[in-house]
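Enquirer: If you scroll down you'll find the structure; I have some questions about it.
The values are calculated or read from the model by the stated rules, or taken from the named source; none is laboratory data. Nothing here was measured: the structure is a model prediction, and the numbers come from that model. Cβ placement follows ideal geometry from the backbone for every residue including glycine, while neighbour counts extend to all protein chains displayed.
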Amino acid sequence: MTRLELPALRHEADALWGFAERQFNLVKRYWAWEVLWLFYSLVSVLSIGYLASGLGLAGFSARDFHRTQLYLLVGSLLWSYLSSVFTDVSFAISWERWEGTIEYTFMAPVRRLTHLLGICLFAIVYGLLRSAIVLAIAIPLFKLDLSRSDLLAASAVLAAATVPLVGIGILAAVLPLLSPEKGDQMAMAVQGFLLLVSGVYYPLSVLPGPFQVAGRLSPLTYTLSGIRDCLLNGHHLGDMLPTLGLLLAMGAVLIPGGLVVFGWAEGRAKQLGLLKRSG
Amino acid sequence: MNEKTAVSLSGVAKGFRTWKRGPNGAWWRRRRDLKVALEPLDLNVPAGGVTGIIGPNGSGKSTLIRILGTLLTPDSGSASVFGLDVVAQAPSVRRHINRVSVEASFFKELSCWENMLYAARLYGSADSGARRRVEQLMERLGLPGDTLDRPMKQLSRGQQQKVAIARSFMTTPSLLLLDEPTTGLDPRSKREVQELLRSLRREREVTVLLCTHDLDEAAALSDRVIMLDYGKVLADGTPAELCERFGQPDLEEVFMQLSGRSLAEDEEESE
Ligand SMILES: Nc1ncnc2c1ncn2[C@@H]1O[C@H](COP(=O)(O)OP(=O)(O)OP(=O)(O)O)[C@@H](O)[C@H]1O
Ligand SMILES: [Mg+2]
């Protein structure tokens, strides 16, 4: 099973598409929910934007008001994207548990990498799309000035961040496998921790030591600071090369690492009979 | 029929960890318990033919099916499908099997076809002829022509079960694991499923393990019937042989006699 022949490769590609297509069909069927979620992420991004406006009015750092606003908005927008990917991927597994399809998916002759990649890639594309909609609303609303920002360099950072994000997504998918009942709540808790340590709304330096260490290990930290540098601090693609390299390297560790952890959790679930019980 | 072995189990045992709380113990105190589903079980099933597995509720039938389906790992012993170990060579085993479980498991908001297409993609059979093949299968199972484009949640339980059967046939498995496939079907639908199974056997070589509580069905379809209890084989033979051996007119009476006897044995053991 290590060498892939061409027909086998075609089968994996077809299966990859099958997972993404399934997720797309589900989104289509539950579109009302999706609109609600979009509304939710929109209002949370907007409220952070207005938080910045409020700080400006209250006289806090009025000089740098636009900068502060952009700083916070970038954080909140990126967080809504990253957290939606995280949620969608772990949800994709727990969903199958409610529907009872999980055993069929795990029994199918498909590599686990293909399965998880299919789900992660869909979550990423869909998350980007949703964030683009929120961004399109936020730009005119807050009269954001992006004229001195290097959007190309920021996009490059975002693209490179996809790789470690797939790894984090795979780790998120492990949680509902570990505990049928509490997996979703665990995913929420882990997400909250990532929000705390990844420098979404403040620089890492304000955190106590151990949290800073955790923040340095999180690829989200570098994604956020890289994108802020491109949008706020006049950095260009050339300056971003170390960040891009670091993100890709983190992905190179996180994806295989995530697969190993997932494989362990799958084995444990099969040992303990956690996949499904009835029947 | 050739002499290839489809399923081979040697000393396969499985138990599940459960937690027990005493009636008046403290709320945080739980005792770990082991629920035995399968005692060490040896079994050989040659390729081709239908093997019926019967047994009371909780006798380990579904556990056995799940072990063969690579969904549960045995605690000890080894199990193989067409010579491939279900744990060490699980990915290869998966290419040869499919399963129908008691509950039809689908994405209920998705249409029947969307569910089928998903399965077809996972099994590498989603070519241009896939839809036609699925339509033919559904027709043979007596499902109305418009079923394919209706959301699964609008189908009755029996109809969903038939779609699940069609899904498993669509992927042309060599080993078909049927866990109470006709539970919840009306008598006509049962016959349609049984007829489809028979014609499938005529068309290509397939080995079927059929767990069922419908003993007439077991008698009608199976070349060999195995009665399980706690993973122990209580009886093994063709339906006619079993009736003769236990001096009973049909399998139901054999079942009654054997399960009654195991109850009596249980009582003896616990005394
Ligand atoms: N995932 C699980 N976790 C804990 N216990 C389990 C699990 N699966 C099965 N069991 C237990 O193992 C025993 C055998 O169950 P199994 O489902 O194999 O029986 P069965 O023969 O299929 O029964 P039925 O005829 O009711 O379908 C039962 O006591 C059941 O409670
Ligand atoms: Mg069962």
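Enquirer: Can you tell me which residues in the stretch B:32-54 are within 14 Å of chain A (Cβ to nearest Cβ) and within 16 Å of ligand 2 (Cβ to nearest atom)?
Expert: B:35, B:36, B:37, B:38, B:53
Enquirer: How many residues are among the charged types (D, E, K, R) and touching a residue at least 12 places away in the same chain (Cβ under 8 Å) when one looks only at the stretch A:162-185? Please lay out each step first, then the result.
Expert: Going through the stretch A:162-185, the residues among the charged types (D, E, K, R) turn out to be A:181-182, A:184.
Those left that are additionally touching a residue at least 12 places away in the same chain (Cβ under 8 Å): A:184.
Looking only at that region, the number is 1.
Enquirer: Additional query: Of B:117, B:71, which residue is in contact with an Asp or Glu (Cβ under 8 Å, 6 or more places away or on another chain), within 9 Å of chain A (Cβ to nearest Cβ) and more than 16 Å from ligand 2 (Cβ to nearest atom)? Explain how you work it out, then say what you get.
Expert: Values: B:71 fails: more than 16 Å from ligand 2 (Cβ to nearest atom).
Just a single option satisfies the conditions, and that option is B:117.
Enquirer: Right, next: Quick check on residue B:162: is it modelled with pLDDT under 95, within 16 Å of ligand 2 (Cβ to nearest atom) and surrounded by 22 or more Cβ atoms within 10 Å (Cβ to Cβ)? Talk me through it step by step, then tell me what you get.
Expert: On the way: modelled with pLDDT under 95: yes; within 16 Å of ligand 2 (Cβ to nearest atom): no; surrounded by 22 or more Cβ atoms within 10 Å (Cβ to Cβ): yes.
So residue B:162 fails the test.
Enquirer: Could I ask something else about it? Could you figure out which of (1) within 28 Å of residue B:216 (Cα to Cα); (2) within 12 Å of ligand 1 (Cβ to nearest atom); (3) touching a residue at least 24 places away in the same chain (Cβ under 8 Å) isn't true of residue B:72?
Expert: Among (1) within 28 Å of residue B:216 (Cα to Cα); (2) within 12 Å of ligand 1 (Cβ to nearest atom); (3) touching a residue at least 24 places away in the same chain (Cβ under 8 Å), residue B:72 violates only (1).
Enquirer: A further question follows. Can you confirm whether the stretch A:237-246 contains a residue that is out of contact with any strand residue (DSSP E or B) (no Cβ under 8 Å at 6 or more places or on another chain), in a helix (DSSP H, G or I) and buried (at least 21 other Cβ atoms within 10 Å of the Cβ)?
Expert: Taking the stretch A:237-246 and keeping what is out of contact with any strand residue (DSSP E or B) (no Cβ under 8 Å at 6 or more places or on another chain), we get A:237-246.
Restricting the remaining residues to those that are in a helix (DSSP H, G or I) gives A:237-246.
Imposing the further condition that a residue be buried (at least 21 other Cβ atoms within 10 Å of the Cβ) reduces the set to A:240, A:243.
Yes, the stretch A:237-246 has at least one match.
Enquirer: Further question: Residue under question is residue B:29, and the condition is that it be free of Cβ contacts under 8 Å to residues at least 24 places away in the same chain, more than 14 Å from chain A (Cβ to nearest Cβ), away from ligand 1 (no atom under 16 Å from the Cβ) and more than 29 Å from residue B:157 (Cβ to Cβ); does it hold?
Expert: Numbers: free of Cβ contacts under 8 Å to residues at least 24 places away in the same chain: yes; more than 14 Å from chain A (Cβ to nearest Cβ): yes; away from ligand 1 (no atom under 16 Å from the Cβ): yes; more than 29 Å from residue B:157 (Cβ to Cβ): yes.
In short, yes.
Enquirer: Right, another one. Identify, please: which residue in the stretch A:1-20 is among the charged types (D, E, K, R) and surrounded by 17 or more Cβ atoms within 10 Å (Cβ to Cβ) and is, among those, nearest to the other protein chains (Cβ to nearest Cβ)?
Expert: Taking the stretch A:1-20 and keeping what is among the charged types (D, E, K, R), we get A:3, A:5, A:10, A:12, A:14.
Filter once more, keeping what is surrounded by 17 or more Cβ atoms within 10 Å (Cβ to Cβ): A:12, A:14.
Working: A:12: 9, A:14: 5 Å.
Result: A:14.
Enquirer: Answer yes or no: is there a residue in the stretch A:216-232 that is within 16 Å of ligand 2 (Cβ to nearest atom), touching a residue at least 60 places away in the same chain (Cβ under 8 Å) and not hydroxyl-bearing (Ser, Thr, Tyr).
Expert: Narrowing the stretch A:216-232 to residues within 16 Å of ligand 2 (Cβ to nearest atom): none.
No, that holds for no residue.
Enquirer: I'd like to check something: does the stretch B:133-146 contain any residue that is within 13 Å of another protein chain (Cβ to nearest Cβ) and part of a helix (DSSP H, G or I)? It would help to see each step written out before you state the result.
Expert: Let us first name the residues in the stretch B:133-146 that are within 13 Å of another protein chain (Cβ to nearest Cβ), namely none.
No; the residues of the stretch B:133-146 include none that is within 13 Å of another protein chain (Cβ to nearest Cβ) and part of a helix (DSSP H, G or I).
Enquirer: Is it true that some residue in the stretch B:89-109 is within 14 Å of chain A (Cβ to nearest Cβ), within 13 Å of ligand 1 (Cβ to nearest atom) and among the small types (Gly, Ala, Ser)?
Expert: yes
Enquirer: As an exercise: evaluate residue A:191 against (1) modelled with pLDDT of 90 or more; (2) polar (S, T, N, Q); (3) surrounded by fewer than 17 Cβ atoms within 10 Å (Cβ to Cβ) and give the number of the one condition it does not meet.
Expert: (3)
Enquirer: If residue A:157 passes every condition in (1) modelled with pLDDT of 90 or more; (2) within 14 Å of chain B (Cβ to nearest Cβ) but one, which one does it miss?
Expert: (2)
Enquirer: Given the options A:136, A:153, A:123, name the one that is out of contact with any helix residue (DSSP H, G or I) (no Cβ under 8 Å at 6 or more places or on another chain) and assigned to a helix (DSSP H, G or I).
Expert: Values: A:153 fails: out of contact with any helix residue (DSSP H, G or I) (no Cβ under 8 Å at 6 or more places or on another chain); A:123 fails: out of contact with any helix residue (DSSP H, G or I) (no Cβ under 8 Å at 6 or more places or on another chain).
Exactly one residue qualifies, and that residue is A:136.
Enquirer: Separate question: Could you check the stretch B:169-198 and list, in sequence order, the residues that are of a type outside the set (Asp, Glu), in contact with a strand residue (DSSP E or B) (Cβ under 8 Å, 6 or more places away or on another chain) and either assigned to a strand (DSSP E or B) or within 16 Å of ligand 2 (Cβ to nearest atom) (or both)?
Expert: B:175, B:176, B:177, B:178, B:181
Enquirer: Whether any residue in the stretch A:97-106 is free of Cβ contacts under 8 Å to residues at least 12 places away in the same chain, buried (at least 18 other Cβ atoms within 10 Å of the Cβ) and more than 19 Å from residue A:30 (Cα to Cα) is what I want to check.
Expert: Yes, some residue in the stretch A:97-106 is free of Cβ contacts under 8 Å to residues at least 12 places away in the same chain, buried (at least 18 other Cβ atoms within 10 Å of the Cβ) and more than 19 Å from residue A:30 (Cα to Cα).
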